[in-house]
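Worksheet: one structure, shown below.
Taken together, the values in this text are just the output of simple stated rules run on the coordinates, not laboratory data. These figures come from a predicted structure and were not determined experimentally. Every residue, glycine among them, receives a Cβ derived from its backbone with ideal geometry; neighbour counts consider all protein chains shown.
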Protein chains: 2
Amino acid sequence: MNPTPTPADITAEAAPPSARAEATRARIEETAERLFRTMGYQKTAVADIARELGMSPANVYRFFASKSAINEAIAQRLLGAISTELSAIARGPGAASARLRLLMSTVFERQSTVFFAERRMHDMVAAAMEEHWGVCERYIDFIEATIRQVIEDGMNSGEFARTDPALAAENVMHAFIKWTHPVLVESCILRKGETVEMLRAQIAAMTDFVLGALRA
Amino acid sequence: MNPTPTPADITAEAAPPSARAEATRARIEETAERLFRTMGYQKTAVADIARELGMSPANVYRFFASKSAINEAIAQRLLGAISTELSAIARGPGAASARLRLLMSTVFERQSTVFFAERRMHDMVAAAMEEHWGVCERYIDFIEATIRQVIEDGMNSGEFARTDPALAAENVMHAFIKWTHPVLVESCILRKGETVEMLRAQIAAMTDFVLGALRA
């Protein structure tokens, strides 16, 4: 019933145990991320990644179906790391307003580090937004849920007025788009000549404004 | 001292009086806008505009240096018309909060009509944002000044708390970017599948939120 195995099938069956496979996946991701950041995503081929690792392109394809799949894994890891930090801030000590302030500035600072190189957005970020919107959307949803959690804490402690926390979190997300949407951040910096310091001051002003609305 | 006039100089000297020139300019703009909207900006050549008007391309070039210059004039006219309407709202009767609400929804409604065709942004709008950012920037500055004027009215009447009106206006501008930036509006509709009705509901929610902040 089954077709005769090809050499690739044999190789696949001889695959190393899971832990070693995981280590190889991680090495491929790390090498690919470095090349995407330095050479550019569009200019990097799977063959370049394989050469850097001293393995064959066929071996890379055993772990990832395509360059795009490698980029998806990188996006998941990077956004996952930011999410973990945001979650810790949200569940941390201190007033809800202080946590919300730290949350919004951390989103900007971490994303700026991950998304940009010398003011330009990495083309790997643009590709991820184009090809793996689901990953981006889950990250956005996670941030909104995290904001909502802090807002609920503030409502429960009496720091914020009691309103619909889901709607309040949505409003806060919308109010901060200028500094969370990579395309807008790039356009502010490249086109409007705004500096990172200016953007930080705007975020601080918006945080004061939003806290006023939440307390109202 | 002066070089011998060329035929083009003669034509220029024989130019019709100003009122007639203005009428021709307006006809060129109107025809170009119609072609840009139906055929697309990139696909429309100055020769197409001239043919529609029954004049020579050379005659069009007597009025506009390039297709881009025609598009700039169109952008100025369209954004100028919206600005006039916004100005009337800001200086109109009623509470500052009601005027601010009408202002923000009118920006969205008018821009949606002018910028979009069947959910996609016109390429003439994209070209204007790329090539004539100064025109766009003056329009953005005008909206911010108009918002500031209404906020000052509200502070003077005691409707809003007294704070720095310029900073408050900047915060309001930032808070509404999702529904005023054409690239974001397009991406909400095309990528995230949000409907115009959903965007209107979000604008209404953000207006309530912002008014809470202004009153705080």
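Taking 7 Å steps out from each Cα toward its Cβ at A:Ala45 and B:Asp141 produces label points 5.0 nm apart.
Counting Cβ atoms of other protein chains within 10 Å of each residue's Cβ and taking the mean over peptide B:197-209 gives 3. Fewest-first ordering of B:Met124, A:Met173 by other beta carbons within 10 Å of each residue's beta carbon gives A:Met173, B:Met124. Counting only other chain Cβ atoms within 10 Å of each residue's Cβ, the peptide B:158-164 averages 1.
Over 29 Å apart at the Cα level, from the set A:Lys192/B:Lys192; A:Lys67/B:Lys43; A:Lys67/B:Lys192; A:Lys192/B:Lys178; A:Lys192/B:Lys67, are A:Lys67/B:Lys43. Between copies, the label points of A:Glu137, set 7 Å from Cα on the Cα→Cβ line, lie 3.6 nm apart, reported in increasing order to one decimal in nanometres.
3J(HN,Hα) along the stretch B:117-127, derived from phi through the Karplus expression 6.51 cos²θ - 1.76 cosθ + 1.60 where θ = phi - 60°, amounts to 9, 6, 6, 8, 5, 4, 6, 5, 6, 4, 5 Hz, with x in place of Gly and Pro. Placing a pseudo-label 7 Å from each Cα along the Cα-to-Cβ vector at B:Arg162 and B:Val196 gives an inter-label distance of 4.3 nm. For chain A, a Gaussian network of Cα nodes joined below 10 Å ranks A:Pro182, A:Pro57, A:Pro165 by mean-square fluctuation, and the top entry is A:Pro57. Electrostatic bookkeeping for B:Arg215 treats Lys and Arg as +1 and Asp and Glu as -1; over the other residues with beta carbon under 15 Å from its beta carbon, the sum is -1. Helix B:133-157 and the longest principal axis of the C-alpha atoms of chain B enclose an angle of approximately 30°. Counting beta carbons within 10 Å around each of A:Ser87, B:Ser18, B:Ser97 and listing the fewest first gives the order B:Ser18, A:Ser87, B:Ser97. The amide H of B:Ala216, built 1.01 Å from its N in the peptide plane, has B:Ala161 as neighbours under 5 Å, considering only residues 5 or more places off or on other chains.
Along each principal axis, taking the top coordinate minus the bottom one, the Cα set of the stretch A:109-216 gives 44, 31, 17 Å in descending order. Taking A:Thr44, A:Thr180, A:Thr146 in turn, the Gaussian network model of chain A (Cα-Cα springs below 10 Å) assigns the largest fluctuation to A:Thr44. Each Lys and Arg contributes +1 and each Asp and Glu -1, all at the Cβ; summed about the Cα centre of the stretch A:69-215, the dipole is approximately 360 debye. Between copies, A:Glu22 shows label-point distances of 7.6 nm, shortest first, with the point placed 7 angstrom from Cα along Cα to C-beta.
Label points for B:Ser56 are taken 7 Å from Cα along Cα→Cβ. From this copy to the others they lie 6.9 nm apart, shortest first. For the protein assembly as shown, the gyration tensor built on C-alpha atoms gives an oblate shape. Its axis ratio a/c (a ≥ b ≥ c) is at least 1.5, and a/b is not larger than b/c.
Across the stretch B:48-64, coupling constants 3J(HN,Hα) worked out from phi with the 6.51/-1.76/1.60 Karplus curve, θ = phi - 60°, read 5, 5, 4, 4, 4, 8, x, 10, 7, x, 4, 5, 4, 5, 5, 9, 9 Hz, and Gly and Pro carry x. Short-range pairs are left out: with C-alpha atoms under 8 Å and at least six residues apart, the relative contact order of chain B is 19 percent. Taking 7 Å steps out from each Cα toward its Cβ at B:Glu30 and A:Glu118 produces label points 5.1 nm apart. For helix A:18-38, report the angle its Cα long axis makes with the longest principal axis of the Cα atoms of chain A; keep it between 0 and 90° and round to the nearest 10°. With rounding to tens, the tilt is 70 degrees. Taking a ≥ b ≥ c as the square roots of the eigenvalues of the alpha-carbon gyration tensor, chain A is classed prolate because a/c is 1.5 or more and a/b outweighs b/c. Pick out, from A:Leu199, A:Asn156, A:Ala127, the residue whose Cα sits farthest towards the positive end of the charge dipole of chain A, with +1 on the Cβ of Lys and Arg and -1 on the Cβ of Asp and Glu. Among A:Leu199, A:Asn156, A:Ala127, the one farthest towards the positive end of the dipole of chain A is A:Leu199. At R0 = 41 Å, how high is the FRET efficiency between A:Arg37 and A:Ala98 if r is their beta carbon distance? Nearest 0.05 is fine. Efficiency at R0 = 41 Å is approximately 0.75. Rounded to the nearest whole Hz, the Karplus-based 3J(HN,Hα) values (6.51 cos²θ - 1.76 cosθ + 1.60, θ = phi - 60°) of the stretch B:94-107 follow the sequence x, 5, 4, 5, 5, 5, 5, 4, 5, 4, 5, 6, 5, 3, with x at glycine and proline. Exposure proxy for A:Phe176, A:Phe142: other Cβ atoms within 10 Å of each Cβ, ordered fewest to most, give A:Phe142, A:Phe176.
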